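Visitor: Got a structure here, written out as structure tokens. Questions coming.
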Amino acid sequence: KSDSDTYSCDIGDAQSRAKLVVQEQPLLFKQELQNEEAKEGKQVKLSCELSKPGTPVKWMKGDTVLCASEKYEFRQHGTVAELIIRDVKSVDA
């Protein structure tokens, strides 16, 4: 998208111009989150794969946005985004 602009070719006495508009591809889930089961006190990892690497991800539980803490860890490698929940309790379901 950042390559969108007007480009020109200059030969001294004449100039040719063209406008380039780059259309971004839509952001999609290549692999969606899957349901998981975990034993109380254990750790669980939820992951999804996106169509574009480095896409900002917001993790939520219901309507609450999660923040990184001792309980929640966020990882992102290329197109894969992961949420690690430590010491799961019944309230984490």
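Quick note: the coordinates plus some simple rules give every number you see, no bench work behind them. This is a predicted model, so every value here is computed, not measured. Backbone-built Cβ (ideal geometry, glycine too); neighbour counts: all protein chains shown.
Visitor: By average Cβ neighbour count within 10 Å, what is the ranking of 85-91, 75-81, 39-45 from highest down? Please report the intermediate quantities before stating the final value.
Guide: On the way: 85-91: 12.1, 75-81: 13.7, 39-45: 10.6.
In descending order of packing, they fall as 75-81, 85-91, 39-45.
Visitor: Hey, can you grab everything whose amide H is under 5 Å from the amide H of W59? Only 5+ residues off in sequence or another chain; H modelled, so Pro and N-termini drop out.
Guide: L66
Visitor: How high is the relative contact order of the chain? Use alpha-carbon pairs under 8 Å, at least six apart in sequence, and give a whole percent.
Guide: 24 percent
Visitor: Report the one residue of Q34, V80, V44 whose Cα lies farthest in the direction of the positive end of the charge dipole of the range 31-85 (charges on C-beta: Lys and Arg +1, Asp and Glu -1; origin at the Cα centre).
Guide: Result: V80, furthest along the dipole toward the positive end.
Visitor: Counting every Cα pair in the chain, what percent are over 16 Å apart? Show your work: numbers first, answer last.
Guide: Details: 2898 of 4278 pairs.
Roughly 68 percent, once rounded to a whole number.
Visitor: Where the centre of each part is set by its Cα atoms, how far does the range 41-93 sit from the range 1-16, in angstrom?
Guide: When both Cα centres are located, 45 Å separates them.
Visitor: Under 20 Å Cα-Cα from K58, which lysines qualify once same-chain neighbours fewer than 8 residues away are excluded?
Guide: Straight-distance partners of K58: K30, K45, K71.
Visitor: So in the range 31-85, what percent of DSSP beta bridges are antiparallel if you round to the nearest 5? Provide the component values of the computation, followed by the final result.
Guide: Working: 15 of 15 bridges.
So the antiparallel bridges amount to about 100 percent of the total.
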